[in-house]
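See structure below.
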Amino acid sequence: MFGSLGWGEMLALVVIALFVFGPDKLPKVARDAGRMLRQLREMANGARTQLKSELGPEFADLDFDSLNPRTFVRKHLFEDQDPFEDLRFPLKEPSTPVSTPLREGERPPFDTDAT
């Protein structure tokens, strides 16, 4: 929930909050912060639900977690997969040469559609 905050950083934040707000206001501030966080989560979930219903069944399998910037960076930068792996086709050796060399004095073919 708190990302990379350790216990030392959490303790420092609590002590700073205790000095800033005082011991009498700190429980009310913590309660208000929790309420605001809960409301923000409800708004985000409501927006996600509304977006899914508005997009329709074509986007029913849309994964919103893959749109998270942290997930996107982790997926595309830190995984050892080749991003062009799906685009490559196995190369085959041509069975016959593509072109034959011209004989001496022979003119190269002329393609009117290509010029």
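The values are calculated or read from the model by the stated rules, or taken from the named source; none is laboratory data. Computed from a prediction, not measured in an experiment: that's the story for all the values here. Positions of Cβ are backbone-derived with ideal geometry, glycine not excepted, and every protein chain shown enters the neighbour counts.
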Checklist entry - Restricting to region 54-69, what's the tally of residues that are surrounded by fewer than 10 Cβ atoms within 10 Å (Cβ to Cβ) and assigned to a helix (DSSP H, G or I)? => result 7
Checklist entry - Out of all the residues in region 10-24, which are surrounded by 11 or more Cβ atoms within 10 Å (Cβ to Cβ) and either assigned to a loop (DSSP other than H, G, I, E, B) or modelled with pLDDT of 90 or more (or both)? => result Ala12
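Residues are listed down the side, and each one gets a yes or a no for (1) out of contact with any helix residue (DSSP H, G or I) (no Cβ under 8 Å at 6 or more places or on another chain); (2) modelled with pLDDT under 85; (3) on the phi > 0 side of the Ramachandran plot:
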position	(1), (2), (3)
Leu37	yes, no, no
Phe64	no, yes, no
Lys75	no, yes, no
Phe89	yes, yes, no
Val98	yes, yes, no
Arg103	yes, no, no
Thr112	yes, yes, no
